[in-house]
Amino acid sequence: MTGQQHLPIVVGVDGHETGRRALEWALREAQTRNCSVQVVHAWTFDPMADYFTETSSQQAHQDSLAMLRREVQRATEHMTDIPPIAQNSVEGDPTRILPELARGAAMLVVGRHQGGRVRQALLGSVSAACVRHATCPVVVIPAAVTAHDEAGATDPASAAQG
């Protein structure tokens, strides 16, 4: 089991709060396991969708790298004993890229976005796809629960209206 202790932790980030929380969790776990962290942003470029913004695939990649640097800096600014961190920006579907890059990793860590059934039906769920397709353990960090969410979950009247 000691051989697995040094396998890297792969974490998917996307610039949102849940990805940030997943990164923070992965960094703390890496400290405990004495292993490295591979921070991944998988992104897609659609030239038709970005036609009016004049964004190129190269610019999208640069934006992704900048976001990765910001997220890592933010997550590590108050840490001591920062584990080794690799940053990887990859063009492609995150539901395919993240499980692929996590092959042979200690685990894959992703955040779960707040979203209803319609959002998941239309967009799919990256975290659910990672759980289905990864060959290593997957940790899914839940979206933060707000006071409004808690009230809706416990108040039958608001549940009936929603």
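The values are calculated or read from the model by the stated rules, or taken from the named source; none is laboratory data. From a predicted model like this one, the values you see are computed outputs, not experimental measurements. Note that each Cβ is placed from the backbone with ideal geometry, even for glycine, and that neighbours are counted across all protein chains shown.
So is residue 113 under 11 Å from the mean Cα position of the chain (by Cα) and either at pLDDT 95 or above or under 18 Å from residue 40 (Cβ atoms) (or both) or not? When the stated conditions are applied, residue 113 passes them. Closer than 16 Å to residue 19 by Cβ, among the small types (Gly, Ala, Ser) and modelled with pLDDT under 90, is that true of residue 158? No, not satisfied.
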